[in-house]
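The values are calculated or read from the model by the stated rules, or taken from the named source; none is laboratory data. Everything numeric in this text was worked out from a predicted model, so none of it was measured. Please note: Cβ atoms are built from the backbone with ideal geometry, for glycine as well, and neighbour counts cover all protein chains shown. Areas reflect the complete protein model, heavy atoms only, side chains present, ligands, DNA and RNA absent. Shrake-Rupley method; radii C 1.70, N 1.55, O 1.52, S 1.80 Å.
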Amino acid sequence: MPAKKILVHDTTLRDGEQTPGVSLLPDEKLRIAKALDEIGVGVIEAGAAITSEGEQESIKKIAKEGLRAEISSFARIVKGDIDVALKCDVDSVFLVSPTSDLHIKYKLGIDREELMKRTLEAIDYSKAHGLIVDLCTEDGSRTDVDFLKKVLSAATDHKIDRFTVADTVGIMVPEKIFEIFTKLGKSKVPLGIHCHDDLGLATANTLSAVRAGASVVDVAVNGLGERAGNASLEEVVMALRLGYGLETGIKTEKIASISDLVERLTGVPVPPNKAIVGENAFTHEAGIHVDGILKKAETYEAIKPESVGARRTFVLGKHVGMKAVKKMLDDEKIPVTDDQLREVFNQVKYMGDKGKRVTNVDLEAISDSVLGISREKAIKVMELVAVAGNTITPTASVKIMIDGRVVVESSVGTGPVDAALNAIKHATRDVPFELVEYHVDSISGGADAVVKVMVKLKSKDRIITSQGAGTDIVLASVDALVNGLNSLMTRR
Ligand code: MN
């Protein structure tokens, strides 16, 4: 029987930051830590204090913030590691002891006896200094289970607070993890599980450990972490709830926003097909599915999008059905006859067949042409200059026509695209909107590639997706924004 209460130990800021190419500034780590605290994570592993001075600064900042969560630092079974963790004022250490013979022999060059001695000394030292100790057996999944039990028993006698088994190399399958935890048996301290996704099984293995008695789950937002990453917070939390009826204390309706924050600050994009937090997780295109969902959402949606702070979207493409097109036209308040609907539908299918994603701005353009409406564009770009270089602040100036009025504006930015978009924003400051998403794809390879820019604009109750394309990324970006603004400004 699984434990009733599950403690979420989040390692986004430690193992997650060890994702190749990721390095967070102290203020960025603090922002993520606050968000983790807000969603109700029990333990925040804020980093490995021994890593660098910057890391110590980050951990100290987080520890000082007075968050509800327990703040932890990774530490090896080395006095020096524990000392720097103490300097950062953390509540606990994630004390890592490599228990597999492979690690003991080849990494440390010692034997089991010596490892046990060092481990217990590190525990004693940490406890003597008032730290909560989570003893993590590195490569624990490949450790001889009898030895693992010995370590657990000795460490428990030395007053550890939790005991975690790490599948450091991500080689386990659920049955093996179940077997290990079953063999560990009843423990006086809570047992934790730390899984990696090298076989795509991190979430499954974590659940299996819980089923066999583990009550602490190590996770990272968006499944970040070394190599293929760690078990992802969103998957584990939702699977525990929907599969086992187990609650973790996580406010799941904030999952989408913390996923966005981590994606933005780490620069690691969430794959569109990622469970729970991927762009496509609640997006439907196929006609049969959309038809079902419009009748009753549960037909093709087992997870309620609002339960994880996401929203359901329908996409127009070649798999689209007539009903979805009608629904989107209704949403955009575009009245059509049956014949007009069929014609719009055919054109959407045609674009979809050409491999194009049809946004709601495209849908408007199609329906305008079908309905024979010619619409004067509210905004026209007359001139645009964007400059960038190594000895200049990226700057852009625009001359645009808004409703027949000429407006000239300029702005700086982090790069030429940002500067150009800022200049347009200044020039259209009377139009209330928020740029909620900007996404660029290179369609063909190479430096002369065609880029496709997709933007999402939000104004009061409407969300508009529009796109621009071309070989010039600045112009394509401006096109996407202006297309969206024109749609927003068109009264229907
Ligand atoms: Mn790890």
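Restricting the calculation to alpha carbons of the range 405-492 gives Rg and Dmax of 13.2, 41 angstrom.
Global dimensions of the range 166-215 from alpha-carbon coordinates: Rg and Dmax equal 10.0, 31 Å. In this structure, Arg112 and Tyr244 have a Cβ-Cβ separation that, at R0 = 25 Å, corresponds to a calculated FRET efficiency of about 0.10. Hull volume per residue, based on the alpha-carbon atoms of the range 349-410 and their convex hull, is 131 Å³.
Around the amide H of Leu316, modelled in the peptide plane, lie the amide H atoms of Val358, all under 5 Å away and 5 or more residues distant in sequence or on another chain. Take each peptide in 397-410, 226-239, count the other Cβ atoms within 10 Å of every residue, and average; sorted highest first, the result is 226-239, 397-410. The relative contact order of the range 7-266, computed from alpha carbon pairs under 8 Å that lie at least 6 residues apart in sequence, is 20 percent. Note on Asp403 and Thr490: their simple-model spin labels are 1.8 nm apart, each label 7 Å out from Cα toward Cβ. Between Leu265, Cys195, Val453, the Cα set farthest toward the positive side of the dipole of the chain (charges on each charged residue's Cβ, about the Cα centre) is that of Val453. Shown for the chain: the carbon plus sulfur share of the solvent-accessible area, taken with all protein chains present and a 1.4 angstrom probe, equals 52%. Projecting the Cα atoms of Met328, Met351, Thr299 onto the charge dipole of the range 283-371 (Cβ charges, centred on the Cα centre) puts Thr299 farthest toward the positive pole. If one takes the longest principal axis of the Cα atoms in the chain, at what angle in degrees, from 0 to 90 and to the nearest 10, does the Cα axis of helix 174-184 lie? Orientation of helix 174-184: about 30 degrees from the principal axis. If you take the Cα centroid of the range 116-155 and the Cα centroid of the range 156-225, the two points sit 15 Å apart. Peptide packing: for 28-34, 295-301, the average count of neighbouring Cβ atoms within 10 Å per residue gives the ranking 28-34, 295-301, highest mean first. The stretch between Ser442 and Asp331, if pulled fully straight at 0.36 nm per residue, gains 36.9 nm over its current Cα-Cα span. The charge dipole of the range 379-491, taken about the Cα centre with unit charges on the Cβ atoms of Lys, Arg (+1) and Asp, Glu (-1), comes to about 400 debye, rounded to the nearest 20.
What the pair-distance distribution of the range 222-346 shows, using all Cα-Cα distances binned every 10 Å from zero, is 12, 35, 28, 18, 7, 1 percent. Overall, the range 7-266 carries a charge dipole of about 540 debye about its Cα centre when +1 sits on the Cβ of Lys and Arg and -1 on the Cβ of Asp and Glu, all other atoms neutral. If you bin all the Cα-Cα distances of the range 283-371 at 10 Å, starting from zero, the percentages per bin are 18, 49, 27, 6. For the chain, the convex hull drawn through the C-alpha positions has a volume of 170 cubic angstrom per residue.
Kirkwood radius for the range 119-180, taken over all pairs of different Cα atoms as the inverse mean of 1/r, rounds to 12.3 Å. Quick one: grab the alpha carbon gyration tensor of the range 7-266, order the square roots of its eigenvalues as a ≥ b ≥ c, and give me rounded if a/c is under 1.5, else prolate or oblate depending on whether a/b is larger than b/c. Here the range 7-266 falls in the oblate category. The alpha carbons of the range 2-82 stretch over 38, 29, 27 Å along the principal axes, in descending order.
Accessible surface computed residue by residue for the chain, with neighbouring protein chains in place and a 1.4 Å probe, gives 47 Å² per residue.
Only DSSP H runs of four or more residues enter the estimate; each adds -39500 (n - 2.57), and after division by the residues of the chain the mean residue ellipticity at 222 nm equals -12000 deg cm²/dmol.
Reported value for the range 70-207: 104 Å³ per residue, from the convex hull of its C-alpha atoms. Charge tally around Val478: other residues with Cβ under 13 Å, Lys/Arg +1 each, Asp/Glu -1 each, net -2. Once the C-beta distance of Ser153 and Arg264 is scaled by a Förster radius of 45 Å, the resulting FRET efficiency is 0.50 to the nearest 0.05. Relative to the longest principal axis of the Cα atoms of the chain, helix 26-39 runs at roughly 90 degrees. Relative to the longest principal axis of the Cα atoms of the chain, helix 473-489 runs at roughly 70 degrees. Taking the Cα centre of the range 283-371 as reference, the dipole from Cβ charges on Lys and Arg (+1) and Asp and Glu (-1) amounts to some 280 debye. In the range 7-266, taking the dipole from charged Cβ atoms about the Cα centre, the farthest positive-side position among Ile110, Ala228, Ile255 is held by Ile110. At an R0 of 60 angstrom, the distance between the Cβ atoms of Ile392 and Lys186 translates into a FRET efficiency of 0.35.
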